[in-house]
Amino acid sequence: MKKLPCVPNIDIKLLSYHPVDKSKWKDFEKLFGERGACGGCWCMAWRLKNSDFQMQKGAANKNAIKKAIYSNEHPGILAYYAKQAIGWCAVAPREKYIRLEKSKVLRRIDNKPTWSISCFFIAKEFRRKGISSELLKAAVEFCKSQGAKIVEVYPIVPYSENIPASFAWTGIPSACEKAGFKEVARRSKSRPIMRYYI
């Protein structure tokens, strides 16, 4: 991936957002890089049982997300700046996320059809610039276009101001609040469930 220059300030209005599909695969692949965003994940952590995820880390996870994308599933939104993908937000109907469905802390709060935002990945040069809130807004608009009425996100409450990016991959509450999400449940001190009602 061509290294972007450090961007001290960006105009949020210049960002554009596109659901990932096969025409955007190369952009997605470049953004995630050789590590598949983090440790060979390729945004498959919530989509698989933990044992399957551990076995598939790396190339197998990459092939799995590529198969989903090439099957017209649209598993998330890409953010673009200066014609380059610089951010990712995974979003899908909640039932697509096997580990989320099995979670005790993040179990369903009701039986209403829900879309879930499970993950963010932003290029290092563009972190801490408010992009995750904008990605959340774009994800809500995508969900709305798919007929969704409820969108959930599962941020982590940061333990310090300098939380490592690898710990904030599900977002942080302040970014979710900025995008209009409200806390609706909390079964763990650090893991609220937040919703946006369309």
Net charge (Lys, Arg +1; Asp, Glu -1) of residues whose beta-carbon lies under 15 Å from that of G40, G40 excluded, is +2
Scalar couplings 3J(HN,Hα) for the stretch 184-198 by Karplus 6.51 cos²θ - 1.76 cosθ + 1.60 (θ = phi - 60°), nearest whole Hz, x for Gly and Pro, are 10, 6, 8, 10, 9, 4, 9, 10, x, 9, 10, 10, 10, 9, 7
Once E101 and K124 are pulled to full extension, the length gained, defined as 0.36 nm per residue separation minus their Cα-Cα distance, is 5.3 nm
Given backbone amide H placed at 1.01 Å from N, residues whose amide H is under 5 Å from that of A185, ignoring those fewer than 5 places away on the same chain, are I193
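Read-outs throughout are calculated quantities, based only on the coordinates presented, and are distinct from any laboratory measurement. Note that the structure is predicted; figures quoted are calculated from it, not measured. When we count neighbours, we look across all protein chains shown, and the Cβ atoms used for this are built from the backbone with ideal geometry, even at glycine.
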